[in-house]
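To start, the structure itself, in structure tokens.
The values are calculated or read from the model by the stated rules, or taken from the named source; none is laboratory data. Predicted model only: the values in this text are computed from it and were never measured. Backbone-built Cβ (ideal geometry, glycine too); neighbour counts: all protein chains shown.
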2 protein chains.
Amino acid sequence: MIKRLCIIGVGLIGGSLARALKAAGAVREIVGCGRDPVRLQRAVDLGVIDRYTEALSEGVRGADVVVLATPVGTMEPIFRELAPHLVSGAILTDAGSTKGSVVEAARAVFGRLPAGFVPAHPIAGTEKSGVEASFPELFQGRRVILTPLAETDPAAVAQVRRMWTAAGAQVEEMEVEHHDRIFAATSHLPHLLAFGLVDSLARRDPEGEVFRYAAGGFRDFTRIASSDPQMWHDICLANRTAILQSLADYTRDLAELARAINDGNGDYLLETFSRAKSARDRFCSTLEDMSDPREERS
Amino acid sequence: MIKRLCIIGVGLIGGSLARALKAAGAVREIVGCGRDPVRLQRAVDLGVIDRYTEALSEGVRGADVVVLATPVGTMEPIFRELAPHLVSGAILTDAGSTKGSVVEAARAVFGRLPAGFVPAHPIAGTEKSGVEASFPELFQGRRVILTPLAETDPAAVAQVRRMWTAAGAQVEEMEVEHHDRIFAATSHLPHLLAFGLVDSLARRDPEGEVFRYAAGGFRDFTRIASSDPQMWHDICLANRTAILQSLADYTRDLAELARAINDGNGDYLLETFSRAKSARDRFCSTLEDMSDPREERS
């Protein structure tokens, strides 16, 4: 049981974690922290948090667990602000989509990483944002990756693991660099491609004619382009090396496909598309079963 | 009322059209044509068609409307085979995703385009294929684009329009080239990108580790990579000029995004992502409302 949980950033992720832990009876009190009192009050009104404060120093005071659920670009200034107020023995964890940059930010602020700092990434979310979009089942059956370091106290890891398990997630551990490479490929690159495609089409067609003829395939393909721009701006800069590597690999493969189309090399196209279909059908069948809890809610 | 409808290719599209027209009481008899008697018998057993024949000459004989619902690459040989047997005054239409190539195939076979030939493209489908995946509501509320030419008999256009309206679709007309440019951008390019991404990841990771950590965003983004490889092979070759142009525009814009990430140009990223989100939220809100009938069926 967490006695006092401080959530910094009560949006989709922070709000859903709060709801899930309350529903599971895994927390006594939740204090929300943020910069917008209107939204924080809304989170109180919705019963997501018990109270809020705009002062990090106050929010962190007396909290046994502090969760940062803000865009990854804000983590360094937040670490800097909360560092003097962190109770000795308190657990500090985050929900950022990149881990190298968060660890780097913590090192920059704390020097030696605090033993109670557990970098974490819940693999869940929707293209919606804000506390209104939060719901307690968001993490049900989803993975949460912890990337503890040599300095991390195993007891802190165990505590964070218990927290996410109580929220319904399956917890795994991974090395920081491995994490950032995997998510560059399966999450950051697709978001970049989707944002890029929609903007590319929209700029060439200000009336949006092409979108009028889009079908379900386009709707699904571009759904992630409705995600929060600030969050993805932060991620692209935070994980730039791995993303650029992933994009370079992909662009090279795409150029091969373009060459095959240009040359009328049907065999190449058919082989590529068949391999892709078979990989997706094989690897993503579990994803299809694991339908989006958001879809079930409507 | 169509007296005898011949559907060549009784798969997802042909089968769904048959089911929709039967449900609407808009057709007296449906004859299926194809190369696989097992699948055709299955279509009879499912009540999708009334009877079948493997001989095009027999299927086309006495049909007042003939619909080609096969991959676009097969249309020229099929035109060639059915040409001698087409009843004078019969209407010939197709359901191909590209229109320039189909018109070109018809010209190659018939010389002057038959007055009863109405090129058409129903903007509907799922990543599934085969008659088992067909269902009568597939075209409900979806658009069907007709691209009649100077040679086309307006009465034939009206008849095909009535057929698709009976199937629940909204029918529009468009010029062939305009059609091919629009669908290169909103359909063909996204399919190429999705197939390409899944194959690019799968080839670098034969164990499929990256897919294990994929979330709902990746599932949606890559859903179209589970589409029929042969069909998309045909489309890529059939609409190659427009697709290569669309891909070139996109690749150029993507290179700008890569440069911005590399240079840490956050403003450029934030502006691009914000424009994309706003375009998608604005233009695709109707798509979100128009939920996939397939999803409603499960």
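The figures follow:
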quantity: Qualifying residue in segment B:224-237 (condition: in a helix (DSSP H, G or I), within 7 Å of chain A (Cβ to nearest Cβ), closer than 17 Å to residue A:220 by Cβ and of a type outside the set (A, V, I, L, M)); calculated: yes
quantity: Residue in segment B:252-270 that is nearest to residue A:200 (Cα to Cα), counting only those that are over 34 Å from the mean Cα position of the chain (by Cα) and more than 7 Å from every other protein chain (Cβ to nearest Cβ); calculated: B:268
quantity: Some residue of segment B:68-75 being touching a strand residue (DSSP E or B) at 6+ places or on another chain (Cβ under 8 Å) and within 18 Å of residue B:161 (Cα to Cα); calculated: yes
quantity: Yes/no for residue B:285 being more than 7 Å from every other protein chain (Cβ to nearest Cβ) and at pLDDT below 95; calculated: yes
quantity: Set A:109, A:131: member being surrounded by fewer than 23 Cβ atoms within 10 Å (Cβ to Cβ) and of a type in the set (A, V, I, L, M); calculated: A:109
quantity: Qualifying residue in segment A:153-164 (condition: part of a loop (DSSP other than H, G, I, E, B) and under 16 Å from the mean Cα position of the chain (by Cα)); calculated: no
quantity: Test set (1) within 14 Å of chain A (Cβ to nearest Cβ); (2) in contact with an Asp or Glu (Cβ under 6 Å, 6 or more places away or on another chain); (3) not small (Gly, Ala, Ser) - residue B:102 fails condition number; calculated: (1)
quantity: Any hit, segment A:8-19, residues being on the phi < 0 side of the Ramachandran plot, of a type outside the set (Gly, Ala, Ser) and surrounded by fewer than 20 Cβ atoms within 10 Å (Cβ to Cβ); calculated: no
quantity: Within segment A:165-176, tally of residues that are within 21 Å of residue A:2 (Cα to Cα) and in a loop (DSSP other than H, G, I, E, B); calculated: 3
quantity: Residue list for segment B:16-54, restricted to those being of a type in the set (Val, Ile, Thr) and more than 24 Å from residue B:121 (Cα to Cα); calculated: B:38, B:44, B:53
quantity: Pair list, Cβ < 8 Å and 6+ apart or interchain, from segment B:193-206 residues that are within 7 Å of chain A (Cβ to nearest Cβ) to residues that are assigned to a helix (DSSP H, G or I) and polar (S, T, N, Q); calculated: B:194/B:222; B:195/A:272; B:196/A:272; B:197/B:222; B:198/B:222; B:199/A:272; B:201/A:186
quantity: Tally, over segment A:43-89, of residues that are touching a Gly at 6+ places or on another chain (Cβ under 8 Å) and at positive phi; calculated: 1
quantity: Residue match in segment A:67-80 (condition: over 24 Å from residue A:243 (Cβ atoms) and at pLDDT 95 or above); calculated: yes
quantity: Failed item in (1) within 25 Å of residue A:46 (Cα to Cα); (2) more than 15 Å from the chain's Cα centre (by Cα); (3) within 14 Å of another protein chain (Cβ to nearest Cβ), with residue A:175 passing the rest; calculated: (1)
quantity: So residue B:40, is it crowded, with 24+ Cβ neighbours inside 10 Å, modelled with pLDDT of 95 or more and either outside any helix (DSSP H, G or I) or not basic (Lys, Arg) (or both); calculated: no
quantity: Of all residues in segment A:221-248 being surrounded by 20 or more Cβ atoms within 10 Å (Cβ to Cβ) and of a type in the set (Val, Ile, Thr), the one that is nearest to the chain's Cα centre (by Cα); calculated: A:235
quantity: Counted residues, segment B:124-163 - those being of a type in the set (Lys, Arg) and away from every other protein chain (no Cβ under 14 Å); calculated: 2
quantity: Segment A:75-104, residues that are of a type outside the set (Val, Ile, Thr) and crowded, with 24+ Cβ neighbours inside 10 Å; calculated: A:75, A:92, A:94, A:95, A:96, A:97, A:99
